[in-house]
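First comes the structure, then the notes that go with it.
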Amino acid sequence: MPKLWNETIEAHRSAVRDATLDATAALVAEHGLMSVTMSRIAQETGIGRATLYKYFPDVESILVAWHERQVGHHLEQLEAARDRTTDPDRRLHVVLETYALMSHERHRHHGHHGAAMTALLHQGPVITQAHERLLELVRDLVAEGAASGALRSDVAPGELAAYCLHALGAAAGLPSKAAVRRLVTVTLAGLSADAHPVQETPAGMEDTLAHGRHGHRRHGSH
């Protein structure tokens, strides 16, 4: 089969797949997950049900594919944001702010679908790999900032990267973009080279503290 013909077929399949993902996401956003059927998606996309089933077995698989595509796009946007400047301190700020605003917008548009859809979308090896890629991106920027002296070096970059992503997860529930930017500023303050150094817990003290907490809980249960 000629190369051009192969490319044309592949382009057609890609267009059908993208149209299916977009139509399904729009239907779920408007009507809710439980109201969307394969027949409705086929009608909205303008293809036959038999053709649709050649691409996806059910609505859930379409939504997972849509989410994976969205996550891939978001990572590309974060990498592009990183590459817009060479200043180590500024690079981290831009990436974290972009990430927080994405979380805020995603929740604003899709946050009302409930725990079932959230559990459906946030699973699978593709999502796990994407999270690892995101963590690595932030970790490298933190390490870069620590090496330049702009960020603290008393805590491992991987720990600080995890702190940033967990802290900015709160952006999803904030009322405005201004509030999101304030959260980014507060989060970054914890990474500053001028931040108060971490005091290590003395050897043996962790066991003592844990024992005290357990004893307090037992006492409070009586």
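Quick look at the values:
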item	result
Residue check for LEU209: at pLDDT 95 or above and either assigned to a helix (DSSP H, G or I) or among the aromatic types (Phe, Trp, Tyr) (or both)	no
PRO202 vs. criteria modelled with pLDDT of 65 or more, not aromatic (Phe, Trp, Tyr) and not in a helix (DSSP H, G or I)	no
Residue among VAL138, VAL186, VAL155 that alone is under 19 Å from the mean Cα position of the chain (by Cα) and of a type in the set (Val, Ile, Thr)	VAL138
Residue count for region 27-57, restricted to those that are exposed (fewer than 13 other Cβ atoms within 10 Å of the Cβ) and either in contact with a His (Cβ under 7 Å, 6 or more places away or on another chain) or closer than 30 Å to THR98 by Cα (or both)	2
Within region 141-169, tally of residues that are part of a helix (DSSP H, G or I) and surrounded by fewer than 16 Cβ atoms within 10 Å (Cβ to Cβ)	7
Exclusive hit being at pLDDT below 70 and polar (S, T, N, Q), set SER148, SER176, SER153, SER221	SER221
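Yes/no per residue for (1) under 13 Å from the mean Cα position of the chain (by Cα); (2) more than 24 Å from LYS177 (Cβ to Cβ); (3) open to solvent by less than 30 Å² (accessible area, probe 1.4 Å):
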site	(1), (2), (3)
VAL59	no, yes, yes
ILE62	no, yes, yes
ALA65	no, yes, yes
HIS73	yes, no, no
GLN77	yes, no, no
ARG84	no, no, no
ARG90	no, no, no
VAL95	yes, no, yes
LEU101	yes, no, no
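The values are calculated or read from the model by the stated rules, or taken from the named source; none is laboratory data. Values in this document were obtained by computation on a predicted structure and should not be read as measured data. With ideal geometry, Cβ positions are generated from the backbone for all residues, glycine too; neighbour counts draw on all protein chains shown. Accessible surface areas use protein heavy atoms only, side chains included; no ligands, DNA or RNA. Shrake-Rupley method; radii C 1.70, N 1.55, O 1.52, S 1.80 Å.
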